[in-house]
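The values are calculated or read from the model by the stated rules, or taken from the named source; none is laboratory data. The structure presented is a predicted model; accordingly, all values stated were derived computationally and were not measured. So basically every Cβ, Gly included, is an ideal-geometry build from the backbone, and we count neighbours across all protein chains shown.
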Amino acid sequence: MNTPFLSIEGLAKRFPSPDGPEPLTVFENVNFGIERGEFVCIIGHSGCGKSTIMNVLAGLDEATDGVVIMNQREVKGPSLDRGVVFQNYSLLPWLSALKNVTFAVAARHKDWSKEQVRAHSYKYLEMVGLADGAEHRKPSQLSGGMRQRVSIARAFAIQPELLLLDEPFGALDALTRGTIQDELLKIWRGTEQTVFMITHDVDEAIYLADRILLMTNGPYARVAESVEVGIPRPRARDEIVEHPHYYKVRNHLVHFLARRSKEMAGREHATASGRPETVRFDEPDDERPAAPTLYAVNE
C-alpha cells in the first residue's frame, strides 16, 4: 500500500479536567490520510475538535497522542510548507493588500529580488480579482470578502505543500461566498496543491471536495466516515444538483449530522474503532436524483 502524502495516525487531544482526576478527551484515535493534490473537507458539530486537528496539522498546537506525517516527515511546529487561512482573515492591518502578500512571499523565497516577489504576489491577487487599485488598500478599506481574497491569495502565493482552510467563508454573504469558492477552485486546479478544509456547510463541501470526513460528536470524537463525492470535475454550481449522486451524498451527510454523529459518539466507539469507513456512491448515472433532506447545523 502506498503511503499517503499526509498521514494522521492515532491522534488524540486531552485537557486537564477541573472536576476530577480524569482528563477531558476532545477526540481520540483519529486516523486518516490525504493524497497529494486532493481536496478534503471535514464536517462535524462544534466541540468535536475540528479546529484543534487543523491547528495540529499547522504545527500551532500539539496533540496529546499520535503523530502527523507529511511527505514522510513528522510535523513539528509551524512551517511555510503549510499555509493557513482562518475565518477572521488574519491580515496585518498596517500593510496594504499587496504588501500582506509580499511579506509572506519574501519570507518563503529569501533569494528572490523585490521585483520577483512583487510580480509573483500581484499575480495571485489578480487570480482572486484584486487588482486595478484594490491591491494598494489596507484591510480596513476592504470589505470582508475582499479581505478573505487577500488571505487566500497570500496562502496560495507562498506555494505551500498543504493548504489549511478553517471555515474561510463562514462570515461572508451567500453571493460573495459563492464567488470566492469558485476562485478558490480555479486556483486549486491551477496549482494542484493539497487542501484540507473545515466547513459546516454540506453543500459547500460537496461542491468543493473530493472526499468529506465526518466526525462524531465530542467528547471522545473521532473521524467515523470518509465519503467519496464521486461527482466529476470541473463542477458547475448550477448543474451539480442535477447529478444523480448529489442528493444521495447530501442526504447521507445530513443524516450523519442529524442522528448518527450522536449515536456513534462516546468513549467506547472512539477506543474500539480504527480508520474511518469509506462510503462510495456507485449507482448508475441514469438514476434520478433523490429528494433533498433539509437540515441546518446549529452552531
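Can you go through 199, 278, 216, 194 and tell me which one is buried (at least 22 other Cβ atoms within 10 Å of the Cβ) and out of contact with any Cys (no Cβ under 9 Å at 6 or more places or on another chain)?
Values: 199 fails: out of contact with any Cys (no Cβ under 9 Å at 6 or more places or on another chain); 278 fails: buried (at least 22 other Cβ atoms within 10 Å of the Cβ); 216 fails: out of contact with any Cys (no Cβ under 9 Å at 6 or more places or on another chain).
Step by step, each of 199, 278, 216, 194 is checked, and only 194 is buried (at least 22 other Cβ atoms within 10 Å of the Cβ) and out of contact with any Cys (no Cβ under 9 Å at 6 or more places or on another chain).
Hey, any hits in region 231-241 for a residue that's modelled with pLDDT of 95 or more and more than 30 Å from residue 22 (Cβ to Cβ)?
So the first thing to find is which residues in region 231-241 are modelled with pLDDT of 95 or more, and the list is none.
No, that holds for no residue.
With the requirement that a residue be surrounded by 16 or more Cβ atoms within 10 Å (Cβ to Cβ), of a type outside the set (Gly, Ala, Ser), out of contact with any Ser or Thr (no Cβ under 6 Å at 6 or more places or on another chain) and part of a loop (DSSP other than H, G, I, E, B), what does region 236-274 give you?
243, 244, 245
Looking at region 109-130, which of its residues are at pLDDT 90 or above and either among the aliphatic types (A, V, I, L, M) or touching a strand residue (DSSP E or B) at 6+ places or on another chain (Cβ under 6 Å) (or both)?
Answer for region 109-130, where residues must be at pLDDT 90 or above and either among the aliphatic types (A, V, I, L, M) or touching a strand residue (DSSP E or B) at 6+ places or on another chain (Cβ under 6 Å) (or both): 117, 119, 125.
Quick check on my filter: what residues within region 147-184 are hydroxyl-bearing (Ser, Thr, Tyr) and either crowded, with 24+ Cβ neighbours inside 10 Å or modelled with pLDDT of 90 or more (or both)?
Of all residues in region 147-184, those hydroxyl-bearing (Ser, Thr, Tyr) come to 151, 176, 179.
Scanning region 147-184 gives a single hit, 151.
Tell me yes or no: at least one residue of region 224-247 is more than 29 Å from residue 26 (Cα to Cα) and of a type in the set (Ser, Thr, Tyr). Talk me through it step by step, then tell me what you get.
From region 224-247, those more than 29 Å from residue 26 (Cα to Cα) are 230-247; that's our starting set.
Checking the rest, the ones that are also of a type in the set (Ser, Thr, Tyr) come to 246-247.
Within region 224-247, one or more residues are more than 29 Å from residue 26 (Cα to Cα) and of a type in the set (Ser, Thr, Tyr).
If you check residue 154 against the conditions, is it more than 20 Å from residue 88 (Cβ to Cβ) and part of a helix (DSSP H, G or I)?
Working: more than 20 Å from residue 88 (Cβ to Cβ): no; part of a helix (DSSP H, G or I): yes.
The answer is no for residue 154.
Determine whether residue 207 is without any contact (Cβ under 8 Å) to a residue 40 or more places away in the chain and of a type in the set (Phe, Trp, Tyr).
Values: without any contact (Cβ under 8 Å) to a residue 40 or more places away in the chain: yes; of a type in the set (Phe, Trp, Tyr): yes.
The answer is yes for residue 207.
Say we look at region 251-293 and pick out the residues that are in contact with a strand residue (DSSP E or B) (Cβ under 7 Å, 6 or more places away or on another chain) and among the charged types (D, E, K, R); which of these is modelled with the lowest pLDDT?
The residue in question is 275.
Is it true that some residue in region 15-28 is at pLDDT below 95, within 30 Å of residue 138 (Cα to Cα), touching a Pro at 6+ places or on another chain (Cβ under 8 Å) and among the aromatic types (Phe, Trp, Tyr)?
Within region 15-28, not a single residue is at pLDDT below 95, within 30 Å of residue 138 (Cα to Cα), touching a Pro at 6+ places or on another chain (Cβ under 8 Å) and among the aromatic types (Phe, Trp, Tyr).
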